[in-house]
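The block underneath contains the structure these notes are about, expressed in structure tokens.
Readers should treat all values here as calculations from the given coordinates under stated rules, not as data from a laboratory. Fair warning: this is a prediction, and the values are worked out from it, not measured in the lab. Every residue, glycine as well, gets a Cβ built from its backbone with ideal geometry; the counts of neighbours run over all protein chains shown.
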Amino acid sequence: MRVPLFDTVSPVAPLRAELDAAIARVLDGGVYILGPEVAAFERELAAYLGVKHVVGVANGTDAITIALQALGVGPGDEVVVPSFTFYASAEAIPPTGATPVFCDVDPETMCVTAETVRPALTPRTRAVVAVDLFGNPAPIPEIAALGVPVVEDAAQAAGARLAERAAGSLGTLATFSFFPSKNLGCFGDGGAIATDDDALADAARVLRFHGSRDKLSYERIGWNSRLDELQAAILRVLLPHLDAWSDGRRAAAAHYADAGLGELVALPAATAGAIPAWHLFVVRHERASELERSLDAAGIGARGYYRTPLHRQAALAPWVPADLSLPATDALARTHLAIPINPLLDRAAADAVTVAIRAALAA
């Protein structure tokens, strides 16, 4: 039985007629940038998250940069960010003029915590980028209690919750990516910023539109970063299904546990009080790279995402102290492995993956 790492087609297949109608609505209206679909999606996502404002932008990377600039982050400032995450979480910091400062993560949840952030704080720290990694919310309230604004990178966590609050509502601002493989993914690039702060939302709207409110006068050096009408219309069709898809991802994780996968590899651990949405289902084993090759040969999708953590990436070397030690990050980089997950993954698929892992380890 072949089991792909992702399945972005099957969950949306029943929605084809609605999606076609949404796309036709945009084409018939003839408005493609910052029109009624973007405005409606911003309202609908804000209502889903339980926040006052959502600002649609072109992608998740721009969302982080714009969120930081809205906070006033600039040259001379420092922004703490985990090293065990996707490159964009740190790549978005230098365009503000600030310095990324890399911190470790909890070895079980794989997320940043107050304990891993605290050693990286200095008098120059202006913000923390806290990543809800693999769909597991980071303990944002505990990190915020350190007294520094938190940008919650919720790109992988749409549909997750922490203490009855939606991921994306936990930080001073939160950022989303709608890349097609995400839990809430559009059919191209897209992103958003969420916040309860009126002034920060206003700054983000100005920054996404060349630093202007009216395309005639310019208050700031901004960005050309807008969520387009077609993607917003598509996201409006998909958003009402996010909770059901998230339940499906959690059911898939339960299938793995019931299949006995935890006897073979370390299963991902949820943050205390969290209900993860498992964008990726990442297990851990000392033979992770070997497992990846064996599973691929058996037709089972598997991938090591962050084999080289950010503090060891060449492009980020100018901001990495020579004596930086992040032991949990280095261990996770070596031992993690993403295995198939999607809202429709059933017990038969979980059994097939588990059998393949058992066979690979026995070999």
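For the stretch 192-235, a Kirkwood radius taken over Cα pairs fed into Stokes-Einstein (25 °C, viscosity 0.890 mPa s) yields D = 218 µm²/s.
The loop-placed trypsin sites (Lys or Arg not before Pro) in the stretch 21-110, going by DSSP, that have at most 16 neighbouring Cβ atoms within 10 Å of their Cβ come out as K52. Within the stretch 242-362, the ratio Rg/Rh, alpha carbon atoms throughout and Rh by Kirkwood, equals 1.02.
The Cα atoms of the stretch 10-240 define a convex hull whose projected area, averaged across directions, is 12.5 nm².
A helix-only calculation puts the chain at -10000 deg cm²/dmol for mean residue ellipticity at 222 nm, using -39500 (n - 2.57) for each DSSP H run of at least four residues, averaged over all residues.
Of the chymotrypsin sites (Phe, Trp or Tyr not before Pro) found in the stretch 12-48, those in coil by DSSP whose Cβ has at most 15 other Cβ atoms within 10 Å are Y32. Just to be sure I understand: with springs between alpha-carbon atoms less than 10 Å apart, which residue in R293, R347, R16 has the highest mean-square fluctuation in the Gaussian network model of the chain? Result for the chain, Cα springs under 10 Å: R16 fluctuates most. Our summary gives the chain a relative contact order of 23 percent, counting only alpha carbon pairs under 8 angstrom and 6 or more residues apart. Taking 7 Å steps out from each Cα toward its Cβ at V31 and S212 produces label points 1.8 nm apart.
In the distance distribution for the stretch 1-110, Cα-Cα pairs more than 20 Å apart total 65 percent.
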